[in-house]
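Have a look at the structure below, then the notes.
Each reported figure results from applying straightforward, stated rules to the coordinates on display, with no laboratory input. None of the values given here were measured: they were computed from a predicted structure. FYI the Cβ positions are ideal-geometry reconstructions off the backbone, even for glycines, and counts take in every protein chain you see.
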């Protein structure tokens, strides 16, 4: 008789009938699957002493291997088998325990926040227990369950032991966020928020999913840190980076103010070593922590195109050269404005300066475009200033070439970012973005780590699943919950650095994004590349409702709990909304129309203010989208069944409603040009107070000699700027295998984990 070793250390005789029951449970009421196929595929080789875990994992792999275009529903079989194994591990049986029992157990062990026990009464826990729908775990796909147990569920990452199941995770996130709401209303908020996140109407980012309910209380996905041109500020920036990288945050660094190589220091006592050694310093800080085993540290540094060292800075990412002249393990965002584009269009030159040599130039670049032009042109005429002059087309082409070759040289249009910001540029300018190029928040350099005058900006993220929304009016409920949850989170979390705490208390910024947009397009018989005026008008209508209800939700909380202290530094405080400050060139694509009660909302904003200085940001959402069985953010899928490579193994994800809509999806590498996609992004941007992680993707097969012309890439750059685009993120090219060249590059760079999600670090 074959003996099976159980998880609890006991042995029992192998029961084949029990195995059959597990497989039949996994296949029950799922069309197009067969229990016998799973068993045949598993080919379990039983031996004396085989563990129950080995049997379960073999069955799980068998179901996962059966996922294909012909049999996509094995993704649910695989998910149920993971669920079964997980419940056995957590509950020592299939039936979950009472939520309070789990809370007591995990709090005593130090895995849950101790406040969970004290904030709610036993009667309230009994009520909360009735909210939980454990059967929702059975609807999760294989990739969702694997991502949850590998990345999000509370666990001992050394031993691999897991201490909760998905529905427990969701209910305890909700209970944690609303624990300080009035007793009379909080349980209803807990229930409604739990339903929204467990049914994936709302998608949550990595720091929230993995951290809320635990003693860890830093949940902001994105951290923006600006450095000044001083050793004290540079060292304070590096120290702040270490603090936040260790707590699962993605980092944006404003690093453009550092003076150029050869600049005199200490009144000529020495000359400056330049910007690159300090970028190496930041890289060391970024890579010093692994973010608790959840993902590797990552950062993007932003600098202006007119910096004296820009020629050397543009090539820091490429693989040529030596370690001495490359800083490869960070990404870079190059900053442009109208004057730089004018020089390109007119065939003019761009003059490079060290920021320290032209007082006021760097700050004016963000806060006042007219002043910048005046200072810049005056500096060009000043024959005593050290400068370089490069033809604009040459410099733009060098930027685009590096962007194409590395995939990870980004762009920020600083005038668009400020003109269409929710902040007043003259008092709270946008000087940078974040890791994934969707956040636009004010920053101020630190003099030291405890400087109360500095400003580190944090953004806390979530996303709304457009695929689950039936009509634009349905956004009202989901937007209200999304804003309530994130706003409560800002009060719930801790702040390791004073400058971040003070900034967050002053501004309370949020970033609510979108997932499952490709599915939404497919449902409405729309494509990225061939979208017409009617299609863009539909995007406009839905984006308007989504934006309106997000702003309204924050305005309503302001009535209830008070406006932010920095209310009058926002355009919202003056009754100005994003659909008033967009670039009017966009009207040629979609005529401006107001369908919602904007007049009433603007009146409310002027009278009672806003609770959150920002509400929207379209971030990447790779992993969170997988959990929701959704397409990634606003991106087109690369294939109907995507094979994802992560540290957790190979995972297959099937696009939503595969059988009904498989011919409606507009796949990434089938698109001959990114123009349609860029137009859609411009329409969405009209209603967004922050930015979008906009990717540009090219399939060389559609171009002569499989070479993408520089003129084409520059044309798209100009179009994006003209339509109000703020930031560009990845540059994707097809290598012929349906995979992006960036993946290959990342492997060459020996980066621990490719997680095009989180910002998902910002990838959510």
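Listing for the model above:
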| quantity | calculated |
| --- | --- |
| Euclidean distance of C-alpha centroids, the stretch 363-410 and the stretch 544-601, integer Å | 33 |
| Sorted largest first, extent of the stretch 390-478 alpha carbons per principal axis (Å) | 52, 40, 24 |
| Projected area averaged over orientations for the stretch 438-543, convex hull of C-alpha atoms, nm² | 8.5 |
| Principal axis dimensions, the stretch 1-145 - Cα atoms, whole angstrom, descending | 50, 38, 22 |
| Peptides ranked, highest mean first, by Cβ atoms within 10 Å: ranges 400-408, 102-110, 281-289 | 400-408, 281-289, 102-110 |
| Relative contact order of the stretch 218-280, pairs being alpha-carbon contacts under 8 Å that are 6 or more residues apart, as % | 32 |
| Value of [θ]222 nm, deg cm²/dmol, for the chain, DSSP H segments ≥ 4, -39500 (n - 2.57) each, nearest 500 | -12500 deg cm²/dmol |
| Alpha-carbon centroids, the stretch 117-157 and the stretch 654-677: separation in whole Å | 33 |
| Highest to lowest packing among 76-89, 414-427, scored as the average C-beta count within 10 Å | 76-89, 414-427 |
| Distance between modelled label sites at residue 594 and residue 239, nm, 7 Å Cα→Cβ extension | 4.9 |
| Peptides 113-119, 530-536 ordered by average Cβ neighbours within 10 Å, highest first | 113-119, 530-536 |
| Taking the stretch 222-419 and dividing mean pair separation by its residue count, relative contact order in percent (alpha carbons under 8 Å, at least six apart) | 20 |
| DSSP bridge pairs, the chain: antiparallel proportion in percent, nearest 5 | 45 |
| Directionally averaged shadow of the chain, computed from the convex hull of its alpha-carbon atoms, nm² | 33.1 |
| Relative compactness, the stretch 222-419, computed as alpha-carbon Rg over 2.2 N^0.38 Å | 1.02 |
| Cα centroid of the stretch 461-507 to Cα centroid of the stretch 25-103, whole Å | 35 |
